[in-house]
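Following: one structure in structure tokens, then a few remarks.
The values are calculated or read from the model by the stated rules, or taken from the named source; none is laboratory data. Being a predicted model, the structure only gives us computed values, none of them experimental. Don't worry about glycine lacking a Cβ; one is built from the backbone with ideal geometry, like all the others, and counts go over all protein chains shown. Accessible surface areas use protein heavy atoms only, side chains included; no ligands, DNA or RNA. Shrake-Rupley method; radii C 1.70, N 1.55, O 1.52, S 1.80 Å.
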Amino acid sequence: MNYYKVTMTQKGKRSQEVVKAKSKISAIRAAKQEFSGFNILKAEETTPDMGSQMGDILDGMKKSFQPKIDIGHKISSIRQIAVMTDAGISIHDSIEEVGRNTENPKLKTIYRTIGNDINAGKGIGDSIEPFKDDFGHVAIAMTNLGEKTGNIAGAYHKLADILESIRDNTKKFKKAIRTPLITLAAMAIAFTILIMVVVPKFKEMFEKFNADLPVPTQILLALEHVLNNYGLYVLAALGLMVFMLIHSYKNNQDFKYKIDKLLVHPKFYLIHKIIFFATMHKYTLVFGELVKSGIPVSEALDTAVDMVDNLYIKNKLLTVNANIARGISLSDAFEQTELFENMLLQMIRAGESSGQLDMMLEKVTGYYDSRFQDLIDNLAAYIEPIMLFFIAGLVLLMALGIFMPMWDLGKAVK
């Protein structure tokens, strides 16, 4: 969301109001609704005042603490709707039944609202549209497809399959990264305890030893002084810094773009490959399944790109639809993004020429999935050298910091 200074007039008097909106057009529309009777002259992007910034931070905190709908519950409920409608039960009754039986309270409320809207005469696509943030863009696209073709059951079975594939990959990545993170956290805690408990015991001895202390010992003593005297302040500062980084990443598009671009840079060992292959797998999976289901390529591209979280990659993929509108082929549009390997581009060209684009996209998706799975399966082997280097550095610093002055003390006694 951006802030816009809207200039308006009423009965010859000019006034200005700050409106929060996604775009200039949205700001003008919002101003017309909120300030009826005013003539809107122009809207200019502006910097929010301190009160608005604090309000955004508080809103972000509220959203962070709001529980999200578990993807497992979503998949289960969507699969149930597909089975029930496939058995001949009306979509309204299916949604009402699933809403009553689901365990998730937020999902229960959403399905109740959707059921009431359908009962009032709305289509299922229009009824689910307000909950785009909860269900995702692909759910809206598959719902609209099912409504157009009259095959909600088939569309929702395919939707559940897509969400299951995304969930399984996410779960596998979290499981693979859990052990290294726990090991690093344990080492950090152990090192902190040694600094705060063990080093002070030697500090008294070092103070009696009137000589220049080696650099490792000076580092240990400096860390001990900071942690024992300002430990809580350091912890609070770190927590605040992490919160501000996360808040800026979620709310500042320029900052998010820079971070996302940095994360997929080849210099970022291993991380850039994991993010790239996971993102491209999700994109090609959704795009291929939508094309296979009969959704036009242009609409499928728009829906698929909305599934991309990395802003740097997303901006590159957004050019595909624009280039297709100019008459460029899909394979050439993909080539201009510089995200696809030559082998994959040849496969997509072959699919376009033979009319089997959906089949070739399935193979492209399989390629990205295999690369991602290979990284996850061997993640421990890739991370192990980094962890060993990190642990060896901590142990070496502790050992040299404590024993080097003791060796000098032994020489002095002799």
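Summary of computed values
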quantity: Debye, to nearest 20: dipole size of the chain, +1 on Lys, Arg Cβ, -1 on Asp, Glu Cβ; calculated: 980
quantity: Å² per residue, accessible surface of segment 106-154 at 1.4 Å; calculated: 46
quantity: Rounded, prolate or oblate (a/c below 1.5 giving rounded, otherwise prolate when a/b exceeds b/c) for segment 62-162 by Cα gyration tensor; calculated: rounded
quantity: Dipole magnitude of segment 298-342 about its Cα centre (Cβ charges: Lys, Arg +1; Asp, Glu -1), debye to nearest 20; calculated: 140
quantity: Translational diffusion of segment 223-333, µm² s⁻¹ [Kirkwood Rh, Cα pairs; Stokes-Einstein; 20 °C; 1.002 mPa s]; calculated: 128
quantity: Cα gyration tensor category, rounded, prolate or oblate, for segment 349-394 with a/c compared to 1.5; calculated: prolate
quantity: Cα Rg, Dmax (largest Cα-Cα span) when computed across segment 151-274, Å; calculated: 23.3, 85
quantity: Approximate spin-label separation residue 234-residue 149, in nm, with each point projected 7 Å along Cα-to-Cβ; calculated: 6.0
quantity: By average C-beta atoms within 10 angstrom, highest first, the peptides 119-127, 315-323; calculated: 315-323, 119-127
quantity: Residue among 231, 298, 364 farthest towards the positive dipole end of the chain, charges placed on Cβ; calculated: 231
quantity: Unit Cα scatterers, Debye sum, the chain: log10 I(q)/I(0) for q = 0.10, 0.14 Å⁻¹; calculated: -0.94, -1.38
quantity: Surface share of carbon and sulfur [accessible, 1.4 angstrom probe, percent] for the chain; calculated: 59
quantity: Volume of the Cα convex hull of segment 332-371, divided per residue and given in Å³; calculated: 59
quantity: Cβ charges +1 (Lys, Arg) and -1 (Asp, Glu), total dipole of segment 127-235, debye; calculated: 320
quantity: Reciprocal mean inverse distance between Cα atoms of segment 112-159 - Kirkwood radius, Å; calculated: 10.7
